[in-house]
Structure formats: C-alpha cells, structure tokens
Amino acid sequence: MEGFRFSKAMGQNFLIDPNIPVKIVKRSGFDGTCGVLEVGPGIGALTKELCAVAGHVTAVELDARLVPVLERDFANSKNVKIVHGDILKLDIKDLMNDTMKDLTYHVCANIPYNITSPVITILIEAKLFKSIVVMVQKEVAQRICAKPGTPEYGAFTVFTNYFTAPEILFDVSPECFKPRPKVTSSVIRMITQPGRLPDLKSEKEFFRVVRAAFNQRRKTLVNALSAAYKETYSKEEIADIVIKCGFDPRVRGEVLSTGDFMKLTSLL
C-alpha cells in the first residue's frame with residue numbers, strides 16, 4: 001500500500017502486527033460452521049485469517065480505493081465476498097442471507113473509533129448473530145463491561161448487557177497499527193442472548209426507563225423517573241414502585257443492574 005493516504009474521516013487504522021489477527025480469530029472460536037460478517041477489512045489482514053477457518057466471510061468496506069485491492073488479493077478465496085458499502089446503511093439481514101444461509105452468523109470487526117457505538121448498536125439490534133467480536137477503543141470496552149456504580153457504567157452498558165454477555169479478550173497496543181492511534185484498543189467478544197422481557201412493548205419500556213435514569217444520572221431514581229413519567233405517575237407513586245422493587249428511595253439509577261432495571265420496568 002505504498003503511497004496510500006489514510007482517511008481521518010473514515011477513522012482508518014490498519015493492523016500491521018500479523019500476530020493480532022491470528023490471536024483474534026483463535027480467541028473467537030470460529031470454524032467451518034460459521035458465516036462471518038467483517039466490518040472494515042482495510043487491507044485484509046484479519047480477512048486472511050478469517051477465511052482460513054470460517055465457512056464464509058463477507059467483508060464490508062466503505063473505502064472505494066480498497067475494494068479492488070481486496071478483490072484482487074482474495075480472488076482465489078472461494079469463501080470470501082467483498083462488498084463496497086456503509087454498514088450503517090446496508091440491510092444486514094439481506095447481506096447475510098445472500099451468502100450464508102446454512103451457517104451460523106457471527107461478526108468480527110476492527111471498528112473505527114468514530115462510529116463504534118452506532119455500529120455495535122445496529123449489529124445487536126439485527127438479532128442475527130451468535131457472537132460479535134470487535135476491536136474498539138479500550139475505554140469503550142471498559143464501558144460495555146462496566147459494573148453498576150462505577151464511573152464507566154451507563155445506558156450503553158445496560159443496552160449491551162441486556163442483549164449480550166460481553167467480555168474483554170485482550171488489549172492491543174497502538175504500535176500494532178498504522179497510522180498509530182493515540183489510545184490502546186481492546187478486543188471484546190459479546191455472546192448474544194435473546195432479550196429477556198416478554199414482548200417488544202416491554203422492551204421499549206425497559207429502554208425508556210434506562211434512558212430516564214441515565215439522562216439525569218446525578219438525580220435520585222425517583223426524581224429521574226418522576227420527570228420521565230409525569231403524565232402517568234405522581235412522584236409518590238414512583239417512590240412506592242421503587243420501594244416495592246426493594247430499593248432505597250434515595251438510590252440513583254447508576255447503581256442498578258440490568259436485572260434491576262427489568263424488575264423496575266415490570267412494575268411500571
């Protein structure tokens with residue numbers, strides 16, 4: 001890739017340490033039964049390792065300059081499909097059904113820092129994937145895996161933990177990339193699980209409660225919910241519901257677990 005100009009707008013940081021893609025694929029546990037969606041293959045370092053073990057790899061690349069390079073390098077790999085497009089705008093279900101009908105669906109990606117949360121959100125909300133393995137900024141990985149009551153814990157933590165069981169696999173040094181980022185990265189694996197409330201209406205209400213709690217995280221849970229549900233409940237009624245859940249009425253939402261928020265939603 002001599003003379004290639006990296007795009008800051010696309011958040012391009014290419015893996016140059018050959019050991020990292022090997023480690024990612026090994027820790028992911030992919031095999032021939034897996035159909036893997038790779039987001040942002042770049043120059044194909046991770047793609048090469050994925051296609052060696054997975055049944056099929058569909059790699060979605062936004063940068064039009066890289067697509068012909070990838071198509072050339074993987075022309076002889078029968079289980080790789082290169083797609084030029086924006087993962088935030090593509091129909092993910094169609095993308096997977098088109099090439100991987102008989103395989104279990106997984107994701108593996110080195111996500112640009114500037115679109116990390118939107119990409120993880122749409123991949124989870126697609127409700128297609130058995131696992132999602134992504135390399136993200138270390139602080140994002142810590143936020144996803146944060147415990148209630150810690151500074152990193154927030155609405156995005158609850159969202160990811162409602163639909164997945166996340167774990168940090170390992171950290172990746174800035175020296176492993178070109179251009180070199182200013183921060184350490186982490187590889188995180190999220191084993192997906194179905195939403196744990198009985199229907200979509202309950203699920204929407206659950207996230208309404210979570211947003212209310214974290215939009216005003218320095219307020220007590222009673223005050224935060226009273227503002228969000230002022231058309232439905234009085235402050236006293238909200239306090240009674242919080243107490244029925246077994247919480248102190250002075251509690252803040254930032255100390256509630258995903259299970260606690262589900263309990264609160266069911267009473268609301």
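The values are calculated or read from the model by the stated rules, or taken from the named source; none is laboratory data. All values reported here derive from a predicted model rather than from experimental measurement. Please note: Cβ atoms are built from the backbone with ideal geometry, for glycine as well, and neighbour counts cover all protein chains shown.
In table form, for the structure just shown:
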item: Meets criteria (assigned by TED's automatic domain parsing to the domain that holds Val36, under 18 Å from Gly40 (Cα atoms) and under 10 Å from the mean Cα position of the chain (by Cα)) for Ile115; result: no
item: Residue in region 165-181 that is in contact with a strand residue (DSSP E or B) (Cβ under 6 Å, 6 or more places away or on another chain) and assigned to a loop (DSSP other than H, G, I, E, B) present; result: no
item: Residue in region 44-61 that is in contact (Cβ under 8 Å) with a residue 60 or more places away in the chain, crowded, with 17+ Cβ neighbours inside 10 Å and touching a Leu at 6+ places or on another chain (Cβ under 7 Å) present; result: yes
item: Qualifying positions in region 135-156 - in contact (Cβ under 8 Å) with a residue 60 or more places away in the chain and either out of contact with any Phe, Trp or Tyr (no Cβ under 8 Å at 6 or more places or on another chain) or in the same structural domain as Gly253 (by TED's automatic domain parsing) (or both); result: Met135, Pro148, Gly149, Tyr153
item: Options Pro151, Pro174: the member that is in contact with a Pro (Cβ under 9 Å, 6 or more places away or on another chain) and more than 18 Å from Thr121 (Cβ to Cβ); result: Pro174
item: Tally of residues being over 22 Å from Thr160 (Cβ atoms) and among the basic types (Lys, Arg) across region 242-268; result: 2
item: Helices (runs of 4 or more DSSP H) within region 198-261 that include 3 or more residues farther than 22 Å from Thr121 by Cα and out of contact with any His (no Cβ under 6 Å at 6 or more places or on another chain); result: 221-228, 235-244
item: Number of positions in region 190-226 that are under 20 Å from Ala165 (Cα atoms) and touching an Asp or Glu at 6+ places or on another chain (Cβ under 6 Å); result: 2
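For every residue, the table says whether it meets (1) modelled with pLDDT of 95 or more; (2) buried (at least 20 other Cβ atoms within 10 Å of the Cβ); (3) not hydroxyl-bearing (Ser, Thr, Tyr).
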{"position": "Phe156", "(1), (2), (3)": "yes, no, yes"}
{"position": "Pro194", "(1), (2), (3)": "no, no, yes"}
{"position": "Lys204", "(1), (2), (3)": "no, no, yes"}
{"position": "Arg217", "(1), (2), (3)": "no, no, yes"}
{"position": "Val222", "(1), (2), (3)": "yes, yes, yes"}
{"position": "Thr232", "(1), (2), (3)": "no, no, no"}
